[in-house]
Amino acid sequence: MFNMDMIGRVRDERLYIGGIGTSSALKPALDAFAPASALNITYTESGYGASDQTAFNAKRIPVLFFYSGVHTDYHKPSDTADKINAADAVKVLGLV
């Protein structure tokens, strides 16, 4: 299961990818494609988190959680489309 949550507000080309420990095939696959993305990626093993992938992870379904981090507009009306970092969102989607 791939969960792309809040991938439009990438800052400093930083992307967080959780869940690489949920299958032994995930990290090698990401290592093959990540360098071409030109993103600074931080990996976490766990598939648990405060988003939709957690239910799949609990059923032992491998997950990857792509996330650009919390920002001050999170879940607020001030989170408007003009704040999307389209160029880096395209990099994330290219990796996915």
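The values are calculated or read from the model by the stated rules, or taken from the named source; none is laboratory data. Everything numeric in this text was worked out from a predicted model, so none of it was measured. Reconstructed Cβ throughout: ideal geometry from the backbone, glycine too, with neighbour counts over all protein chains shown. Side chains are part of the model used for accessible areas, which takes the heavy atoms of the whole protein and leaves out ligands, DNA and RNA. Shrake-Rupley method; radii C 1.70, N 1.55, O 1.52, S 1.80 Å.
Residues with beta-carbon under 14 Å from that of ASP5, excluding ASP5: net charge, scoring Lys, Arg +1 and Asp, Glu -1? Before the final figure, lay out the partial values.
Details: positive: ARG9; negative: ASP52, ASP79.
Overall, the nearby charge balance is -1.
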For LYS27, the aspartates and glutamates lying under 12 Å Cα to Cα, once residues fewer than eight places off in the same chain are dropped, come out as GLU45
Carbon/sulfur accessible area of the chain, % of total, 1.4 Å probe, equals 60 percent
For the chain, longest principal axis from Cα atoms; helix 26-37 axis from its Cα atoms; angle between them, nearest 10 degrees, is 30 degrees
Within the range 41-89, DSSP-loop chymotrypsin sites (Phe, Trp or Tyr not before Pro) with at most 11 other C-beta atoms within 10 Å are TYR74
When the chain is treated as a Gaussian network with springs between alpha carbons less than 10 Å apart, the largest mean-square fluctuation among PRO77, PRO35, PRO62 is found at PRO77
The aspartates and glutamates whose Cα lies under 16 Å from the Cα of LYS83, excluding any fewer than 8 residues away in the same chain, are ASP5, ASP12, GLU13, ASP73
A chain fully extended from ALA36 to ALA86 at 0.36 nm per residue, minus the present Cα-Cα distance, gains in nm 16.3 nm
Residue span HIS75 to GLU13: 0.36 nm per residue of separation minus Cα-Cα distance leaves a gain in nm of 20.1 nm
Full extension between ALA50 and ALA25 adds, at 0.36 nm per residue less the Cα distance, a length in nm of 6.6 nm
Highest GNM mean-square fluctuation among GLY69, GLY21, GLY49, for the chain with Cα springs under 10 Å, belongs to GLY49
